[in-house]
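The values are calculated or read from the model by the stated rules, or taken from the named source; none is laboratory data. Being a predicted model, the structure only gives us computed values, none of them experimental. Note: ideal-geometry Cβ built from the backbone for every residue, glycine included; neighbour counts use all protein chains shown.
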């Protein structure tokens, strides 16, 4: 649970207090989806930055990983996450629907973040995510649908089976079998839940 950057400007102090209380609940696995979105800018960038920093601080206080939204804010996200003293566990968080490049992914994976890919990684135009997917080490990748967004084509639904297309595309990029990659992804997911 968390406050998405689109809604950062609408958060009242009572929302922040409620977030703090909920974050301490044992059934809350992570703080997210938090981050920066400089593509839509539905909240002013300075308000997004403040909300992101506040939630990183919260995650550190409660010892939980973060689920990070990054759209057109790669440099600022990387700097913030590499400087964040989050949980001292095997996974510090997840970069949701990764859209950055290989250097960003490698730096964040080395710091304890998992990199999650959705259907766009299968598109030839997604050069940064494709390069990142090919270079990441085993155990640092997750997959997702980001449903209902990122549908596989006009008029088509994004549903749970879309993740099979993502795994297949990633396996081709990584020159491995989908089953082997699925096992690695499962292990990464288990590490995230244990964090």
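Summary table
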{"read-out": "Sole residue being more than 26 Å from residue 111 (Cα to Cα) and either surrounded by fewer than 14 Cβ atoms within 10 Å (Cβ to Cβ) or at pLDDT below 95 (or both), chosen from 179, 144", "value": "179"}
{"read-out": "Single condition residue 119 does not satisfy, out of (1) in the same structural domain as residue 194 (by TED's automatic domain parsing); (2) at pLDDT 95 or above", "value": "(2)"}
